[in-house]
Structures are given as C-alpha cells and as structure tokens.
Amino acid sequence: MSLRTAAPGPALVETDELPDYPFAHGDRLDSHFFMVWQRRRWLNSEMHLRGGWACQGVFFALINHAFDQSPIGTLPVDMGVLAKLVRCERGEFEAMCAQPYGPLHGWAPCNCDGEVRLMHRVVLDTLTDGFARREDNRARTEAANSAKRLQRLRIQLTGMEKSLGENDHAVRWIDEWLVDQGCTKRTASWVERGVRAWVQHRKGMSEVGGRR
C-alpha cells in the first residue's frame, strides 16, 4: 500500500514493514471522560515552539479525535477523512500538512491488525499509562472486595464454630470453594455446604497422610 502527501505528511509502506500498534480494536478507556495533557511536555515541544497557531489547533483536535477512534489513539490515513474530522477543506488541510510543523507532525504509520493507520508516540505513552493505571485500580478494587468477602465469611463461620472462623486456611479454602461453585449469594445453606466440603477435604488429607 502506498499513499504519499506533501512533506511532512505520512508516507505509507507495506504493513509488514510497519511497527505493530500495541492496542486492539476492542481496547477502550471508556471510563476516562478526560484526556491527560502534559502541559510542560507540550510547552517545550517543537510543535508548540515552531508550529503556527492554526496548525497547533488542528494538531490538538486530531489528538482528541484519536482517543475516540479504533484502535484507540490512532487516526485514519485518508486525508479527506482527516480533514472532515477537523472541519477543514481538504485542500486547506493538506496545505497545513505540507508545512514543516503541520497538524500531522509526529504522526507515523503503523500496522493495526493488517490495517494501516497513524499513531503518535506521545499519545501512545499517555494511553499506555492510562491502561496501566486502570489495571492497578482494578487490582486494588479486587483485593479490597476479596478482603471484605473473606471478612464476611469469617464472621459467618465464627457464628457456626469459633475455631473455624479463627482458622485462616479454612476460611480461604471455603471461600475458594464457594467461588468455584459459582455461589454469588452466600446464604447460610451455602456456607454450611462449604463447611461440609472443607471437612471432607480435611478427612481426605488425613487419610492420604495416614497411608504414607
């Protein structure tokens, strides 16, 4: 595939010669209604220091559009589509892109599962950080939910038998058993079934140990 525009616009090559984009079409950050903007990085960038005001404005608009594109953080290569995104006449848009620091400054072609699109290193850095933060938040939330779930189970078991509620191994084993069983509402009957399963587990372990 080959598409060339006036420098410094994108010059596309075969997809096997392009870097693979790390995010897929299904990767989204829908919970992020805002976009992190590193103002100091921007104020010291060549685009800000050397680009014209009009080019800077369109450049920023394209970055905003990229966050809603698929894959997230990329842009289409079609100059006509890009011009429509920023509400410019195609000729006007291409003329801006022909400038040394036009709206597509820093954007480069990449391979998105066989489709050629444009990516920007700074946008990619921002997204990588965003996805990492989301995973960290998810892990913290899951850990907090797990701790609360174990505490509730411990209280239930203590009400049945104090020593059982004080047995950390038993509490965790029964919790895992209930999760494996697909139990979503831990009623007394479900917890009792878990205790019986724990007793059978301990009995089986004792029998194995006695045969050694």
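Readers should treat all values here as calculations from the given coordinates under stated rules, not as data from a laboratory. Every value quoted in this text rests on a predicted model; they were computed, and no experiment measured them. Every residue, glycine among them, receives a Cβ derived from its backbone with ideal geometry; neighbour counts consider all protein chains shown.
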Residues of the stretch 128-170 with the amide nitrogen closer than 17 Å to a label point 7 Å from the Cα of residue 28, along Cα-to-Cβ, please.
131, 134-135
Set of aspartates and glutamates near residue 185 by C-alpha distance (under 18 Å), chain-local residues within fewer than 8 positions excluded:
142, 175, 176
The stretch 161-211, convex hull of Cα, quarter of hull surface, nm² -> 3.8
Sites residue 158 and residue 133 - FRET efficiency at Förster radius 25 Å, r taken between beta-carbons, to 0.05:
0.10
Work out the length of the dipole vector of the chain about its Cα centre, built from +1 on the beta-carbon of each Lys and Arg and -1 on the beta-carbon of each Asp and Glu, and round it to the nearest 20 debye.
1340
Lys/Arg Cβ at +1, Asp/Glu Cβ at -1, dipole of the stretch 15-130 taken about the Cα centre: which of 112, 76, 95 is farthest positive-ward?
95
Radius of gyration, Dmax [the chain; alpha carbons; angstrom]:
28.2, 85
I need to check one value: relative contact order of the chain, counting alpha carbon pairs closer than 8 Å and at least 6 residues apart, in percent.
19
Cα-centre dipole for the stretch 15-130 with unit charges at Cβ (Lys and Arg positive, Asp and Glu negative), debye to 20:
600
Using the per-residue mean of other Cβ atoms lying within 10 Å as a proxy for protection, in what order, highest first, do the peptides 190-203, 140-153, 108-121 fall?
108-121, 190-203, 140-153
Summing Lys, Arg as +1 and Asp, Glu as -1, what charge do residues with Cβ under 12 Å from the Cβ of residue 113 carry, residue 113 excluded?
-2
The stretch 15-130 - Debye-derived log10 I(q)/I(0), Cα point model, q = 0.19, 0.21 Å⁻¹
-1.07, -1.27
